[in-house]
């Protein structure tokens with residue numbers, strides 16, 4: 001098997017929505033819940049047809065170890081609701097985020113309504129205000 005040069009965005013139903021060059025995609029980057037990036041390999045087998053292109057076969061890598069697993073994501077609205085249980089903590093967190101414009105913009109961005117449960121910036125901010133990241137980023141929808 002050759003190294004994957006292509007990667008496919010696969011829906012929770014197993015439908016390939018997009019194929020991109022692997023070098024352009026970070027498979028660990030956040031996607032919609034249930035969606036994942038899967039590597040594709042090109043293999044060349046017995047010739048058939050009249051052209052070289054007809055000999056190329058693309059298939060998803062079936063080795064589970066080679067497939068990047070989606071990270072567990074938590075809705076930012078849920079994180080905010082959990083933090084809001086602790087008086088004054090949202091204000092403290094906003095003060096921290098306002099010190100770094102890129103973190104602030106990333107948090108309030110509508111394009112990214114979820115945060116990875118292992119996001120180091122989120123964990124650091126929660127710890128900075130003496131909150132337990134495991135509790136705030138726990139699975140569930142309270």
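No value in this document is a laboratory result; all are computed from the given coordinates. All figures in this text were calculated on a predicted structure; none of them were measured in a lab. Positions of Cβ are backbone-derived with ideal geometry, glycine not excepted, and every protein chain shown enters the neighbour counts.
Translational diffusion coefficient of region 73-136 (Stokes-Einstein, Kirkwood radius from Cα pairs, 4 °C, 1.567 mPa s): 110 µm²/s.
Cβ-to-Cβ counts within 10 Å put 104, 114 in ascending order as 104, 114, the fewest first. With a Förster radius of 30 Å applied to the beta-carbon distance between residue 24 and residue 110, the computed FRET efficiency rounds to 0.80. Going from the fewest other Cβ atoms within 10 Å to the most, the residues 108, 136 appear in the order 108, 136. Put in order of Cβ neighbour count within 10 Å, fewest first, the listed residues 26, 111 become 111, 26.
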